[in-house]
Structure formats: C-alpha cells, structure tokens
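The values are calculated or read from the model by the stated rules, or taken from the named source; none is laboratory data. Since we're looking at a predicted model, the values are computed, not measured. Reconstructed Cβ throughout: ideal geometry from the backbone, glycine too, with neighbour counts over all protein chains shown.
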Amino acid sequence: MSENSFLYHVLKDKLPISSEIELHLFDFCNLRCTFCGQDHESKEGMEEIRNKILPVQEFISKNTIDSHIVNIMGGEIFNDEVPDHLFKDYENLATSIHEHAQSLGHQCTFNWVTNLVFKKSHRVENLLTALKSKGISTNLSTSYDFSGRKTSLWKEDLFKENLEKFKTNIYTVGFVMTKPTIQFLLNQNDPYFEYLYGQFPIYFDFYVPEKTARFLMPSDQDMLDAYLFLAKRYPKVSPVKELLTRRENRMTCYSLNKLTLLPSGKEVKCRYLKYETHEFNNPIDYSSNENIVTAHLEENGCLSCEWFERCSFRCFVQADWSTRVKTPDCFFKTFFAEVIGDKNEVQTWN
Ligand SMILES: C[S@@+](CC[C@H](N)C(=O)[O-])C[C@H]1O[C@@H](n2cnc3c(N)ncnc32)[C@H](O)[C@@H]1O
Ligand code: SF4
Ligand code: SF4
C-alpha cells in the first residue's frame, strides 16, 4: 500500500507492527478439513521450494517495516509422506531469508504451520534445532477444530502426542470460526478444548470463504454469539483477550502489508483462487485488499465509530461475501457495548 494513499493515512496507527509473509510450499496433505479449499493430492511446488526465496527477499528489501512474520505451510509440510530431502530445502529457505533480512537490519520469525499429524517427529526436531543453532527465531503453529477436521482416532492421537512433544515450541493453536465450529463451541461438546485452553495460547480466526462457504459461512449473529460466549467463558482466547484488555488494538488482518506465495509461485493476498464475481459485493482483486478494506470502513462508518481505537476489525474477504447474513448494526459494536460498556474500561484477571 502506498504511504501516500488515503487508506494508509486513516489506518496508519491501526496497521500491524510486522509484515506477514505466507508461503504455501505445496497443497499435498494427509487430512481433508472441510473448511480448506486446497487441492490436497497436488504435489505442485514440492520440488521448487528454493524458487520462493527471491520474491521474499525482494518483499523484505522494499518494506518500510523491519519486522516480518514468516508463516510457512502446505498442505502439510511435515506429512510423513514427504521425502526427507525437503527438510533440507526448508532449512535453506529459512536460512536464506533470515540472512538477507539480517543484512538489512530486519528481523524475521519463522512459524512452521502444521496439523501435527506425523510420526517422523525427529525430522521436525532436527529442523528446529538446526535453525535455532544459527540464531534463527522459529516455532510451530498448529490448528484444532471441533467440527471441520474429522479424522481417524490414530491421527488424533498423533496430534495429541506431538502437541506434548513440541509443547515448548507451540506459538499458537488456531481454530477456524465456521458456523458448525461455533455451534460446537456454544454447545460445549469438547472436553479436550478445556485442556487446550489451560495449556496453550489459542487463536479463533475468521473463516475465509472457499468452495464450501454456503455450508460453513457463519452469520454475523453467529459471530456475535461466539465472541460473547468466549468473552464470558474463555476470555484468554485471542483476539477476544486483546479486545477486553486493551483500549487500543491494531487490525488483526495483515493483508495491507502481506506477501502470499502459492505453490505455483503466484502472488496473491489471501483469496481462494476459484471465486466467482457474484460471490462478492466488490470486484475481486487478487493483488490487493484495499478496495474491500475501504468498503468495510465506509459501510460501517468505522472512522466515526467510538470503538475505532479498540477494534481490531475483521476478515475483509469474509465481510465482502455477498450472501453474508448481517446483523442490523456492526456486530463488533454490539459486542463492545455489551461486554465493555465504557470505551476506557479494561478487564483484568489473574
Ligand atoms: C492451510 S493450513 C496449512 C497448515 C496445516 N496443514 C494446518 O492445517 O495447520 C494453515 C491454516 O489455515 C487454516 N485454514 C484453512 N482453511 C481456512 C479457511 N477457509 N479460513 C480460515 N483459515 C483456514 C487452517 O486451520 C490452518 O490453521
Ligand atoms: S490439515 Fe491444513 S492443509 Fe490439510 S486440509 Fe486441514 S487445513 Fe488444509
Ligand atoms: S466496532 Fe464496527 S463500526 Fe466500529 S470500528 Fe469496529 S468494525 Fe468499525
């Protein structure tokens, strides 16, 4: 985004303090989550991992921000079926990006995003050890789902075993807020969630619509119900925690300063590639989210909203979905009015 643009001017203090680099090395995966729109049989990109280095280095060189979160993922990059030599490619990828960033005085943190369903855990341990021995900041992010990740029991056991094994490396456990996941959450169907909540940082992320959106897209009322429930029962879940405890928040979406590379090397923001024009209110632009961020601010009157400083906004791709069922007012406004009341209030707990 140009620093001369109107959007930059109004959102300057709301932009995240790091850029995000999201690298999809390949789609090949050992699971078939209902909310994931990738082609999980495809090995495209698997033998071209080094081709991702240069575009990332160029993105870092051009960036005015000197801190970068590099999320590296598949598909499933640690899948037992991927060959051993790829782990050397992963190490080289992170090392080359790190060294380039360092030469410019920039900092990168490398997050390997994994479903933790693998038996060959020594490969992952070796990768983390090798990177850390070079002074590279690195950790794992994983995900769990009440409803969208129907899997066999032995795979569930592997997830749980690896979660314990890599406990000290886990940066976050993510949930995707689909309509069925919200229903599960509200009905309290999963005792394992209580355990996760006590042990790990948890992030409830917006569902980005893809091919099954007509079944999975939550209404704004579903989102409001989920946020109110989390604020009451699980207030330490992000991003709810930050909304409760901080009077000022930056937007959670990185797309205004983000590089996403798909397995083919194609550059996008965060959109699924097979969208149809009629599915969105605004024209689809795979190279920038500026039009849908602007549309959201205008539609909700964000710039004159009393919660502007506290609000972290939402997923703008979801917000622009043409058949999204809206609440009469912005659901965040209702959330803030119900749980915060006074905009200067902050909640604390032990
Ligand atoms: C594409 S997966 C790849 C990494 C790994 N296989 C995993 O599931 O953690 C990366 C992250 O995207 C999330 N994800 C997948 N589909 C999504 C969607 N439609 N909307 C939001 N997040 C999604 C997953 O839950 C996961 O946290
Ligand atoms: S494990 Fe990750 S990549 Fe695989 S289907 Fe699920 S969300 Fe998609
Ligand atoms: S509460 Fe709603 S209207 Fe207010 S700033 Fe946030 S998204 Fe915009």
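Out of 59, 35, report the one residue that is under 30 Å from residue 248 (Cα atoms) and crowded, with 17+ Cβ neighbours inside 10 Å.
Going through 59, 35 in turn, the sole match is 59.
May I ask you to list the residues in segment 44-86 that are within 16 Å of ligand 1 (Cβ to nearest atom) and within 23 Å of residue 172 (Cα to Cα)? Write out each step before concluding.
Kept after step one, since they are within 16 Å of ligand 1 (Cβ to nearest atom), are these residues of segment 44-86: 44-46, 49, 52, 69-82, 86.
Scanning segment 44-86 gives 69, 70, 71, 72, 73, 74, 75, 76, 77, 78, 79, 80.
Could you list, in sequence order, all residues of segment 237-256 that are of a type in the set (D, E, K, R) and either in contact (Cβ under 8 Å) with a residue 60 or more places away in the chain or touching a helix residue (DSSP H, G or I) at 6+ places or on another chain (Cβ under 6 Å) (or both)?
Matches in segment 237-256: 242, 246, 247, 248, 250.
I'd like to verify a number: residues in segment 197-206 that are within 16 Å of ligand 2 (Cβ to nearest atom) and assigned to a helix (DSSP H, G or I), how many?
0
Would you check which residues across segment 30-52 are under 24 Å from residue 208 (Cβ atoms), more than 9 Å from ligand 2 (Cβ to nearest atom), part of a loop (DSSP other than H, G, I, E, B) and not polar (S, T, N, Q) and list them?
Hits for segment 30-52 are 39, 41, 43, 44, 45, 46.
Any idea how many residues of segment 70-87 are surrounded by 13 or more Cβ atoms within 10 Å (Cβ to Cβ) and either within 14 Å of residue 20 (Cα to Cα) or away from ligand 2 (no atom under 16 Å from the Cβ) (or both)? Full working, then the answer.
Taking segment 70-87 as the starting set, the residues that turn out to be surrounded by 13 or more Cβ atoms within 10 Å (Cβ to Cβ) are 70-80, 82, 86-87.
Of the ones still in play, those that are also either within 14 Å of residue 20 (Cα to Cα) or away from ligand 2 (no atom under 16 Å from the Cβ) (or both) are 70-73, 87.
Result for segment 70-87: 5.
For the condition more than 15 Å from residue 254 (Cβ to Cβ) and touching a strand residue (DSSP E or B) at 6+ places or on another chain (Cβ under 7 Å), what is the one hit in 47, 76?
Only one candidate qualifies: 76.
Does residue 209 satisfy the criteria of being more than 20 Å from residue 114 (Cα to Cα) and assigned to a loop (DSSP other than H, G, I, E, B)?
Yes; evaluated as a whole, the condition is true for this residue.
Counting only residues that are surrounded by fewer than 19 Cβ atoms within 10 Å (Cβ to Cβ) and hydroxyl-bearing (Ser, Thr, Tyr), how many does segment 133-169 have?
Residues flagged as surrounded by fewer than 19 Cβ atoms within 10 Å (Cβ to Cβ) and hydroxyl-bearing (Ser, Thr, Tyr) within segment 133-169 amount to 5.
Quick one: what pairs do we get from segment 166-185, first residue without any contact (Cβ under 8 Å) to a residue 40 or more places away in the chain, second small (Gly, Ala, Ser) and in a strand (DSSP E or B), C-beta under 9 Å, 6+ apart or different chains?
170/141; 173/141; 173/143; 174/141; 174/143; 175/143
Out of 67, 19, I need the residue that is modelled with pLDDT of 95 or more, under 30 Å from residue 307 (Cβ atoms), buried (at least 22 other Cβ atoms within 10 Å of the Cβ) and of a type in the set (Gly, Ala, Ser). Which one?
Exactly one residue qualifies, and that residue is 19.
Among the helices (runs of 4 or more DSSP H) contained in segment 245-342, which hold 2 or more residues that are away from ligand 1 (no atom under 16 Å from the Cβ) and closer than 17 Å to residue 7 by Cβ?
Filter on segment 245-342 gives 290-300.
With the structure loaded, tell me whether residue 274 is basic (Lys, Arg) and surrounded by 14 or more Cβ atoms within 10 Å (Cβ to Cβ) or whether it fails that test.
Answer is no for this residue.
Could you run through segment 226-244 and say how many residues are part of a helix (DSSP H, G or I) and either in contact with a Pro (Cβ under 9 Å, 6 or more places away or on another chain) or within 18 Å of residue 174 (Cα to Cα) (or both)?
Summing the residues that are part of a helix (DSSP H, G or I) and either in contact with a Pro (Cβ under 9 Å, 6 or more places away or on another chain) or within 18 Å of residue 174 (Cα to Cα) (or both) in segment 226-244 gives 11.
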